[in-house]
Amino acid sequence: MEELVALCKSRGFIFQSNEIYGGLQGLYDYGPLGVELKNNIKQAWWRSMVYERDDIEGLDASILTNPKVLKYSGHEETFSDPLIDCRSCKSRWRADHLDSQKCPSCGSEDLTEPRPFNLMFKTNVGPIDDGSSFAYLRPETAQQIFINFKNVLDSTSRKLPFGIAQIGKAFRNEITPRNFIFRVREFEQMELEFFVKQGEDEAWHKEWLDRRLEWWYAQGVSKENLEIYTVPKEELSHYSKSTLDIMYKFPHGLEELEGIANRTDFDLGSHSKNQNELNITSKVDENTDSNAKLAVQNLENNKWEVPYVIEPSAGVERGFLAILNEAYNKETLAGGKERVVLSFKPHLAPIKAAVIPLKRNNDELVKKSQKVKNSLQSLQLGRVLIENSGNIGKSYRRHDEIGTPLCVTVDFQTLEDNTVTVRDRDTMEQTRIDTKDLVSYYQNYLLT
Ligand code: GAP
C-alpha cells in the first residue's frame with residue numbers, strides 16, 4: 001500500500017485534501033491523472049449499464065436530501081455504527097474494529113460501552129440556522145433513485161424489468177476512516193436500482209452478480225483476487241432480504257468492493273402512500289408523509305404492485321484502488337534495471353498516448369508533434385499529451401509509471417519521410433509507422 005500511496009502523490013493521482021492547512025481526515029483530492037482514471041472508470045460503468053443495455057435509464061439527482069426521505073428509508077434510525085470512547089485520551093473507535101479491550105491509541109482499558117453513532121452529515125438549508133430547516137448529505141445515492149421512480153417511469157413508459165443508474169457523491173461520517181481511499185467520508189457510488197416483479201427477484205439477483213463480476217474482469221481485476229461473500233442474516237442492512245458482497249484482496253486485506261442487495265419492495269413501499277392497498281411484503285413505517293404511489297399496475301388484474309429491487313452498488317474509490325493495485329507491476333529488465341509500470345487496460349489509462357519530440361524546444365519537431373497530437377486527440381478517445389522534455393528515456397519511464405499505453409516519438413527522420421516511432425508500454429517494442437496510418441493504428445489499439 002505504501003508504494004501505491006507514494007506513487008499516487010508523486011505522479012499526481014491523489015493528494016491529501018486540504019493539505020496546506022493540515023488536512024481533513026477521510027478526504028482526498030484527485031490530481032491530473034487521478035481525475036482521468038476516475039472519469040474513465042465511471043464512463044466504463046455508465047457505458048455498460050446505460051448504453052450497452054436496453055433496459056436501464058440514467059439519473060443525476062441532488063445530494064442534499066429532505067430529512068423525511070431518510071426518516072422513512074430507515075436511515076435516521078438505523079444508519080449507525082457502534083462507537084466506543086477512550087476516557088483516557090478521548091479518542092473514538094468503531095467497536096467492531098477493535099481487536100482487544102484496549103485503546104489502540106494509548107493502550108488504556110478505560111473504554112465506554114458501545115453506543116450507536118449515526119453516520120449521516122447534516123447541513124443547514126436557507127438563511128436561518130436554528131436547526132429547524134436542515135438537510136442531510138445523502139449517505140447513498142439510492143434513495144434519490146427511489147423517490148424519482150415515478151418520474152422516470154412516467155417520462156419513459158418503461159415496463160418491468162427495468163433499472164435506473166446513477167453515479168454520484170455520497171457522504172458518511174465514518175468513525176475511523178482508514179486504508180487510504182478505501183474508507184473515506186466523501187466518496188462516489190455507482191449504483192443501479194433494478195426493478196423487477198416479486199418472485200423474479202432471486203433469479204435477477206444471481207444474474208446481476210454474474211454481470212458485475214464480468215465487468216470487474218473487463219477492468220483488469222483478476223478472478224483470483226475476487227471472492228463472493230454471502231452476508232449472514234444478522235449482518236444484513238435493514239432493507240435487505242439477502243446481500244452478496246464482491247470482495248477484493250486489497251493491499252490491506254480482503255474487503256468489500258461492491259455490494260449486491262435484494263432490497264425487496266422495502267424502499268418503494270416506504271415512500272408510498274396508502275400502503276395497505278399495495279400489498280407490500282416488507283415491514284415499512286405506515287405513517288409516511290409521502291403523497292406518491294411508487295408502484296406499477298398489473299395489466300392482467302389491474303392491481304397495483306410495488307416492484308422488488310436488485311441493487312448492485314459499487315464505490316468508485318474502492319474500484320480505483322483495486323484497479324491501481326492490479327495494474328501496478330515492478331519488473332526487472334535485462335541488465336538488472338527495474339521498471340515500474342501501470343498496466344491499465346487502455347480504456348482506463350489516464351493518458352492514452354504521449355507524443356514526444358526527440359529534441360526539446362526544437363520548433364520544427366514541436367510543430368510536427370503538435371500536428372500528430374491533434375490528429376490523435378481529434379478521435380476523442382481520451383487525453384493525448386505532448387511530452388516536451390527532450391529526454392526520451394526519462395519520458396518512456398515516466399509514461400510506464402503512469403500507465404500510458406503508447407508513446408509516439410517525432411524525430412528528424414519524421415521531418416523527411418513522415419514516419420514516427422510508436423512504443424508499446426507492455427512489450428516495450430518500437431515500430432516505425434507512417435503518420436497517415438497512425439490514427440487507425442491508435443484507434444485499433446484503444447478499441448480492441
Ligand atoms: N446503496 C447501498 C449502499 O450504499 P453500502 O454497502 O453501504 O451499500 C456500497 O455501500 C458501496 O459503496 C460499497 O461496496 C463501497 O464500495 C462503497 N462505500 C461505502 N462506504 C464507503 C466509504 N466510507 N468509503 C469509500 N467507499 C465506500
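Output the number of residues of the range 282-303 satisfying the condition of being closer than 22 Å to Glu200 by Cα and surrounded by 12 or more Cβ atoms within 10 Å (Cβ to Cβ).
Matching residues across the range 282-303 total 8.
Out of Thr281, Thr243, which single residue is outside any loop (DSSP other than H, G, I, E, B), in the same structural domain as Glu191 (by TED's automatic domain parsing) and among the polar types (S, T, N, Q)? Steps first, answer last, please.
On the way: Thr281 fails: outside any loop (DSSP other than H, G, I, E, B).
Answer to the selection: Thr243.
Sort out which residues of the range 248-281 are within 15 Å of the ligand (Cβ to nearest atom), acidic (Asp, Glu) and open to solvent by 10 Å² or more (accessible area, probe 1.4 Å), and write them in order of number.
Across the range 248-281, the qualifying residues are Glu255, Glu256.
Looking at the range 94-101, can you tell me whether even one residue there is basic (Lys, Arg) and open to solvent by 80 Å² or more (accessible area, probe 1.4 Å)?
As a first pass, look at the range 94-101 and keep what is basic (Lys, Arg): 94.
Okay, now just the ones that are also open to solvent by 80 Å² or more (accessible area, probe 1.4 Å), so none.
Looking for residues that are basic (Lys, Arg) and open to solvent by 80 Å² or more (accessible area, probe 1.4 Å), one finds none in the range 94-101, hence no.
Restricting to the range 1-31, and then to whatever is over 22 Å from Pro405 (Cα atoms), among the aromatic types (Phe, Trp, Tyr) and away from the ligand (no atom under 15 Å from the Cβ), can you tell me which residue is surrounded by the most Cβ atoms within 10 Å (Cβ to Cβ)?
Per the criteria, the residue is Phe15.
Out of Leu160, Leu137, I need the residue that is open to solvent by 30 Å² or more (accessible area, probe 1.4 Å), out of contact with any helix residue (DSSP H, G or I) (no Cβ under 9 Å at 6 or more places or on another chain) and within 15 Å of the ligand (Cβ to nearest atom). Which one? Give the derivation first.
Values: Leu160 fails: within 15 Å of the ligand (Cβ to nearest atom).
Every option except Leu137 fails the conditions.
Is it the case that the range 32-53 has a residue that's touching a Gly at 6+ places or on another chain (Cβ under 8 Å), in a loop (DSSP other than H, G, I, E, B) and open to solvent by less than 30 Å² (accessible area, probe 1.4 Å)?
no
Does the range 191-204 contain at least one residue that is open to solvent by less than 20 Å² (accessible area, probe 1.4 Å) and within 9 Å of the ligand (Cβ to nearest atom)? So that I can check it myself, show each step before the final result.
Pass one, the range 191-204, residues open to solvent by less than 20 Å² (accessible area, probe 1.4 Å): 191-196, 201.
The next check asks that each one be within 9 Å of the ligand (Cβ to nearest atom); those that pass are 191, 193.
Yes: the range 191-204 contains one or more residues that are open to solvent by less than 20 Å² (accessible area, probe 1.4 Å) and within 9 Å of the ligand (Cβ to nearest atom).
In the range 307-320, what residues are open to solvent by 10 Å² or more (accessible area, probe 1.4 Å) and more than 9 Å from the ligand (Cβ to nearest atom)?
Scanning the range 307-320 gives a single hit, Tyr308.
Given (1) open to solvent by 10 Å² or more (accessible area, probe 1.4 Å); (2) within 11 Å of the ligand (Cβ to nearest atom), where does Pro232 come up short, assuming only one miss?
(2)
Hey, among Arg172, Arg211, which residue is of a type outside the set (Phe, Trp, Tyr), open to solvent by 20 Å² or more (accessible area, probe 1.4 Å), under 28 Å from Gly269 (Cβ atoms) and near the ligand (Cβ under 9 Å from one of its atoms)?
Numbers: Arg211 fails: near the ligand (Cβ under 9 Å from one of its atoms).
Testing whether each residue is of a type outside the set (Phe, Trp, Tyr), open to solvent by 20 Å² or more (accessible area, probe 1.4 Å), under 28 Å from Gly269 (Cβ atoms) and near the ligand (Cβ under 9 Å from one of its atoms) leaves just Arg172.
Considering only residues that are hydrophobic (A, V, I, L, M, F, W, C) and open to solvent by 20 Å² or more (accessible area, probe 1.4 Å), which ones fall in the range 176-190? Before you say what the answer is, go through the steps one by one.
Applying the first criterion (hydrophobic (A, V, I, L, M, F, W, C)) to the range 176-190 yields 180-182, 184, 187, 190.
Hits for the range 176-190 are Phe180, Phe187.
Quickly run through the range 20-70 and pick out the residues that are closer than 16 Å to Pro312 by Cα and under 18 Å from the mean Cα position of the chain (by Cα). Before you say what the answer is, go through the steps one by one.
The first filter runs over the range 20-70 and keeps only residues closer than 16 Å to Pro312 by Cα, leaving 41-42, 44-50, 53, 55-59.
Residues satisfying the conditions are Ile41, Lys42, Ala44, Trp45, Trp46, Arg47, Ser48, Met49, Val50, Gly58, Leu59.
With respect to Ile323, is the statement that it is among the β-branched types (Val, Ile, Thr) and within 16 Å of the ligand (Cβ to nearest atom) true? Reasoning before the result, please.
Details: among the β-branched types (Val, Ile, Thr): yes; within 16 Å of the ligand (Cβ to nearest atom): yes.
Here the answer is yes, as Ile323 does meet what is asked.
The values are calculated or read from the model by the stated rules, or taken from the named source; none is laboratory data. Nothing here was measured: the structure is a model prediction, and the numbers come from that model. As a convention, Cβ positions derive from the backbone with ideal geometry for all residues, glycine included, and neighbour counts pool all protein chains shown. Heads up: the accessible areas ignore ligands, DNA and RNA and are worked out on the full protein's heavy atoms, side chains in. Shrake-Rupley method; radii C 1.70, N 1.55, O 1.52, S 1.80 Å.
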